[in-house]
Amino acid sequence: IATALIDTGSRMDDVIFEEFKGTGNLEIVLDRKLADKRTFPSIDINRSGTRKEELLLPKEDLQRIWLLRKVLLPMGIHDSMDLLLQKMKETKTNSEFLSTMNS
């Protein structure tokens, strides 16, 4: 597990980040504007993701996740996170959440 603070103005921070970026399996990008708005988790959904998710998830779940991303992408960070959090509150499990989406 590693964390990196970027956009600090330090060339060394950028070099270290770029070196580690290619080695991780999961990248979670946080968004300061979401945090300032007190939306938690403050994750930029469109820029976050897992490599090789097709090896980790059942095909049906994966297709529904891809559909969800297509819906959220044009909405922008704030609206997409608000919608996602609202829909998650309406379900109790990940499976139940994903089953609400049409493939």
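Which residue pairs have Cβ atoms under 6 Å apart, sit 6 or more places apart or on different chains, and have a first residue in region 29-51 that is in contact (Cβ under 8 Å) with a residue 40 or more places away in the chain and a second that is assigned to a loop (DSSP other than H, G, I, E, B) and surrounded by 13 or more Cβ atoms within 10 Å (Cβ to Cβ)? As it stands, the answer is Asp31/Ser42; Asp31/Asp44; Leu34/Ser42, since those pairs meet every condition given.
Restricted to region 34-48, and to residues there that are at pLDDT 95 or above and of a type in the set (Lys, Arg), the residue that is surrounded by the fewest Cβ atoms within 10 Å (Cβ to Cβ) is Arg38. Among the residues here, Arg11 qualifies as loosely packed, with under 11 Cβ neighbours inside 10 Å, over 17 Å from Leu85 (Cα atoms), at pLDDT 85 or above and out of contact with any Leu (no Cβ under 9 Å at 6 or more places or on another chain).
Can you work out which of the residues in region 87-103 that are basic (Lys, Arg) and surrounded by fewer than 11 Cβ atoms within 10 Å (Cβ to Cβ) is nearest to the chain's Cα centre (by Cα)? So, considering only residues that are basic (Lys, Arg) and surrounded by fewer than 11 Cβ atoms within 10 Å (Cβ to Cβ), the one nearest to the chain's Cα centre (by Cα) is Lys89. Of the numbered conditions (1) touching a Lys or Arg at 6+ places or on another chain (Cβ under 9 Å); (2) closer than 26 Å to Arg38 by Cβ; (3) not small (Gly, Ala, Ser), Met101 satisfies every one except a single condition; which is it? Condition not satisfied by Met101: (2). Quick check on region 77-92. Is at least one of its residues among the polar types (S, T, N, Q) and under 25 Å from Ala4 (Cα atoms)? Taking every residue of region 77-92 in turn, at least one turns out to be among the polar types (S, T, N, Q) and under 25 Å from Ala4 (Cα atoms). In this structure, Leu72 does satisfy being part of a helix (DSSP H, G or I), surrounded by 15 or more Cβ atoms within 10 Å (Cβ to Cβ), out of contact with any Leu (no Cβ under 6 Å at 6 or more places or on another chain) and not aromatic (Phe, Trp, Tyr). Evaluate region 24-32: report whether one residue or more is part of a helix (DSSP H, G or I), at pLDDT 90 or above, loosely packed, with under 13 Cβ neighbours inside 10 Å and among the basic types (Lys, Arg). Yes, the conditions are met somewhere in region 24-32.
Scoring Arg64 on the criteria (1) in contact (Cβ under 8 Å) with a residue 12 or more places away in the chain; (2) farther than 29 Å from Lys21 by Cα leaves a single failure, condition (2). If the requirement is being in a loop (DSSP other than H, G, I, E, B) and either surrounded by 12 or more Cβ atoms within 10 Å (Cβ to Cβ) or of a type in the set (A, V, I, L, M, F, W, C) (or both), which of these qualifies: Leu5, Leu84, Leu55, Leu67? Every option except Leu5 fails the conditions. Could we say that Glu96 is touching a helix residue (DSSP H, G or I) at 6+ places or on another chain (Cβ under 9 Å) and either at pLDDT 95 or above or of a type in the set (D, E, K, R) (or both) here? So Glu96 fails the test.
The values are calculated or read from the model by the stated rules, or taken from the named source; none is laboratory data. Quick caveat: nothing in here was measured; it's all calculated off a predicted structure. FYI the Cβ positions are ideal-geometry reconstructions off the backbone, even for glycines, and counts take in every protein chain you see.
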